[in-house]
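Data block below; observations after.
Since every read-out is calculated from the coordinates, none of them should be taken as a lab result. No experiment lies behind these values; they were computed from the predicted model shown. Virtual Cβ from ideal backbone geometry, glycine too; neighbours counted across all protein chains shown.
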Amino acid sequence: MSLFSIFFTFLFAFGNTPTTNIQLSNETYQVVFVQGNISIGGQALTRGASLNASQKVVFKGNDAKAVVISTTRGRFVLDSKKATPAGSELVAFIKDVVSPLKTNSKLSTRGGLNEKGILDLEKHFGMQAKPEEFLPTFIMIGDNYEFKIGEKVEANQIVAVKTGAKMTGLKRVGNMYAISKASVQDAKKVEIIYAKKGTTKQDVRASFKPLFIESKDLKDGFEQYLKLVDIEEIVNINMKKANDLEVAANKLSASDLDAKIKKMTTPQKKALVLFYYLQESFGEMDAQGNIDVNKIKVDEDYLEKFINDNKL
């Protein structure tokens, strides 16, 4: 995989006619994700709500945001950073704080995954090599995340998880390891460590901020999202832009790329869309409104399993 953007547009209500200020004021949005405390007309904003651009929105915190889909112009985010402070709150009209969602493309995060498991924990989970470097987030769905380690773990080694000064061995069942939500509750940073028995030697193999998402909440939110977007359009745009950025040796011809896309199963396509839904929901925008999807990692194979298990 390589870098690409997945901004896509819905059908324009007036063909190629430019959108006027009047149209923007009357534009409506469907809410597909809410983070933090946001209210409209004194009522808490919830997923599924319909909004008008002329309504006033109140953010109760700098980290509050909502992802919405315009009836005419695609995906947007309501961002508290553009609102005006009013005491302990931030207030604005929706039309003044709505921005197009823009994402770059993802680098390969499969960590050399094969049938034996993860071969490179750093690629899979992420790594903060130095304190001043960015700490990636790793998303886990449900209360437990199970994974296999494909590289050999020596008999005198313990695979452990470290949060602050606390280090505990990873729960293991057969050849599967597990990180539970309870074991890393409220941790701002988690390290996966190979520790040698009988010594103080520790080899940090990955470090990340853990983010557990409730399975039912994700299912309900993504189910609604799928009804509002064009899956085939998203997949085609993403795959083609990804191919354009490949090195010459890996670049496919237009016909070979089309054939590859046609071979993708529906769950595979939906898993790709789910990846970006997670990025748009939990990613942070920079000053230009871009979300770097490589700052949040997720087990991409698990996304396809989630699609199948929930019959999405």
FRET efficiency (Q268, L228; Cβ distance; R0 22 Å; to 0.05) is 0.60
tail above 14 Å in the computed P(r) of region 181-261, as % of all Cα-Cα pairs, reads 78 percent
How many times 2.2 N^0.38 Å is the alpha carbon radius of gyration of the chain? 1.10
In region 239-312, chymotrypsin sites (Phe, Trp or Tyr not before Pro) in a DSSP loop with at most 11 other beta-carbon atoms within 10 Å: none
In region 220-312, what trypsin sites (Lys or Arg not before Pro) fall in a loop by DSSP, with at most 15 other Cβ atoms inside 10 Å? K251, K311
Can you work out ³J(HN,Hα) from phi for every residue in region 137-151, in order, using Karplus 6.51 cos²θ - 1.76 cosθ + 1.60 and θ = phi - 60°, giving whole Hz and x for Gly and Pro? 9, 10, 8, 10, 9, x, 9, 9, 10, 9, 8, 9, 9, x, 7
Can you tell me the relative contact order of the chain? Whole percent, Cα pairs under 8 Å, sequence separation 6 or more. 18 percent
Chymotrypsin sites (Phe, Trp or Tyr not before Pro) restricted to region 127-229 and DSSP loop, no more than 16 other C-beta within 10 Å: F134
Once phi is turned into θ = phi - 60°, what whole-Hz ³J(HN,Hα) does the Karplus curve with 6.51, -1.76 and 1.60 give for every residue of region 190-195, x standing for Gly and Pro? 10, 10, 9, 10, 9, 10
Quick one: the Cα spread of region 121-209 along its three principal axes, in angstroms, biggest first? 32, 30, 23
Counting only residues 5 or more places away or on other chains, whose amide H sits under 5 Å from the amide H of K297 once H atoms are built in the peptide plane? T137, F138, I139
How many nm separate the modelled label positions at K216 and K171, each set 7 Å beyond the Cα in the direction of the Cβ? 2.0 nm
Cα gyration tensor shape of region 215-309, rounded if a/c is under 1.5, else prolate or oblate by comparing a/b with b/c: oblate
Per-residue HN-Hα couplings for region 169-185, Karplus 6.51 cos²θ - 1.76 cosθ + 1.60 at θ = phi - 60°, whole Hz, x for Gly and Pro? x, 5, 4, 10, 10, x, 9, 9, 9, 9, 10, 9, 4, 5, 6, 10, 3
